[in-house]
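**Q** The structure that follows is given in the form of structure tokens.
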Amino acid sequence: MPAGNLKESHFFSRTDQKVEYALGGFIARSLGDVDYALINGNFAMEAGLKATDALAIEDKDSLVAQTFANVVVVKEGDENKEVILALKEALNSEQIKKFIEEKYQGSVMPVFG
């Protein structure tokens, strides 16, 4: 859902829920003041929250996860340089996927491989 449309979303238009916006870094620290919150993973991790404690998390195959995945970009013309190809291979390796899964336990999801 594009930013700014949460208040008009199907879910909130059918309930009496009040939607308040806050800067991402403040949301996790405000949990004691709200019934529930939508928190970006990086801010949740900084606050010591774990994905396993969440009521719901974005599926790695969802449109949102695929759309907003982190990507590595290089200057045009450099994409076939040996060092870039080695980096691409390393970042897309099973070893890196396993590292992400073990270290972040669902808070960060590899969307490759």
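The values are calculated or read from the model by the stated rules, or taken from the named source; none is laboratory data. Note that the coordinates shown come from a computational prediction; the quantities given were computed from them, not determined experimentally. Positions of Cβ are backbone-derived with ideal geometry, glycine not excepted, and every protein chain shown enters the neighbour counts. Protein only, heavy atoms only, side chains kept; ligands, DNA and RNA dropped before computing areas. Shrake-Rupley method; radii C 1.70, N 1.55, O 1.52, S 1.80 Å.
**Q** Which residue, of 37, 56, 86, 69, is on the phi < 0 side of the Ramachandran plot and outside any loop (DSSP other than H, G, I, E, B)?
**A** 86
**Q** Determine whether the range 49-58 contains at least one residue that is of a type outside the set (Asp, Glu), open to solvent by 90 Å² or more (accessible area, probe 1.4 Å) and over 17 Å from residue 106 (Cβ atoms).
**A** No, there is no match, as no residue in the range 49-58 is of a type outside the set (Asp, Glu), open to solvent by 90 Å² or more (accessible area, probe 1.4 Å) and over 17 Å from residue 106 (Cβ atoms).
**Q** For residue 41, state whether it is under 24 Å from residue 100 (Cα atoms), open to solvent by less than 60 Å² (accessible area, probe 1.4 Å) and either of a type in the set (Asp, Glu) or at pLDDT 80 or above (or both).
**A** yes
**Q** Which of the residues spanning the range 93-113 are assigned to a loop (DSSP other than H, G, I, E, B) and closer than 22 Å to residue 51 by Cβ?
**A** Result: 105, 106, 107, 108, 109, 110, 111, 112, 113.
**Q** Looking at this structure, is residue 78 open to solvent by less than 60 Å² (accessible area, probe 1.4 Å), acidic (Asp, Glu) and either out of contact with any strand residue (DSSP E or B) (no Cβ under 8 Å at 6 or more places or on another chain) or under 21 Å from residue 97 (Cα atoms) (or both)?
**A** yes
**Q** Within the set of pairs 6 or more residues apart or between chains, which connect a residue that is at pLDDT 75 or above inside the range 11-34 to a residue that is among the β-branched types (Val, Ile, Thr) with Cβ atoms less than 7 Å apart?
**A** From the range 11-34, the pairs are 27/39; 28/39.
**Q** Assuming residue 94 fulfils every condition listed in (1) surrounded by fewer than 12 Cβ atoms within 10 Å (Cβ to Cβ); (2) free of Cβ contacts under 8 Å to residues at least 12 places away in the same chain; (3) more than 30 Å from residue 16 (Cα to Cα); (4) of a type outside the set (A, V, I, L, M, F, W, C) apart from one, which condition is it?
**A** All conditions pass for residue 94, except number (2).
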